[in-house]
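> I'd like to ask some things about the structure below.
The values are calculated or read from the model by the stated rules, or taken from the named source; none is laboratory data. In this text the structure is predicted, and so the values were computed from the model without any measurement. Cβ atoms come from the backbone with ideal geometry, glycine included; neighbour counts cover every protein chain shown.
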Amino acid sequence: MLTAADHLRQITCMAKTDKRRSATAGRTRLTGEVGKAVRAALDKKASDVLVLDLRNTPAFTDFFVVCSGQSTRQVKAIADSVEEALRAAKVRPAHIEGYDRAEWILMDYFTFIVHVFTPQTRAFYSLERLWGDAERIEVSETTE
């Protein structure tokens, strides 16, 4: 079983040192399972929601959905909402990690991974910086 620290080491080893960033226009439409996960997170008032498109990187998945909750209670509520929304679409995670502590909940859906952080933990691990070569899809409440 991979711990969050092991997962981070794996991410760090796989991330390129190239820090190119390509900003995507706010009109990007998120569809499918990733879109459902984003909408479920937004329904629970997740902040700083970001999707990293990893398909053009040497990653082990296609997308990261990264978001923050202001407290451990909200982090759990966001994770619960994502899991419930995807379960309704008959999609189940292969693995969920970090739920008990709720500083960083990782939900692995094979083709995408949902990361729900407290703000302090998100700043500390800085996945956006580690995966700086991934295309960034900024998400707002108006993005579908």
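> State all residues of region 111-130 that are modelled with pLDDT of 95 or more, among the hydrophobic types (A, V, I, L, M, F, W, C) and out of contact with any Phe, Trp or Tyr (no Cβ under 6 Å at 6 or more places or on another chain); if no residue qualifies, say none.
Hits for region 111-130 are Val114, Val116, Ala123, Phe124.
> Same structure again: Name the residue, out of Asp133, Asp100, that is of a type in the set (Asp, Glu) and modelled with pLDDT of 95 or more. Please lay out each step first, then the result.
Numbers: Asp133 fails: modelled with pLDDT of 95 or more.
Unique residue meeting the criteria: Asp100.
> Tell me, please, whether a residue that is more than 14 Å from the chain's Cα centre (by Cα), hydrophobic (A, V, I, L, M, F, W, C) and outside any helix (DSSP H, G or I) can be found in region 118-134.
No, the conditions are met nowhere in region 118-134.
> Something else: In region 26-80, how many residues are surrounded by 15 or more Cβ atoms within 10 Å (Cβ to Cβ), among the hydrophobic types (A, V, I, L, M, F, W, C) and touching a helix residue (DSSP H, G or I) at 6+ places or on another chain (Cβ under 8 Å)?
16
> Same structure again: Answer with yes or no whether Asp100 is acidic (Asp, Glu) and free of Cβ contacts under 8 Å to residues at least 24 places away in the same chain.
Against the criterion (acidic (Asp, Glu) and free of Cβ contacts under 8 Å to residues at least 24 places away in the same chain), Asp100 qualifies.
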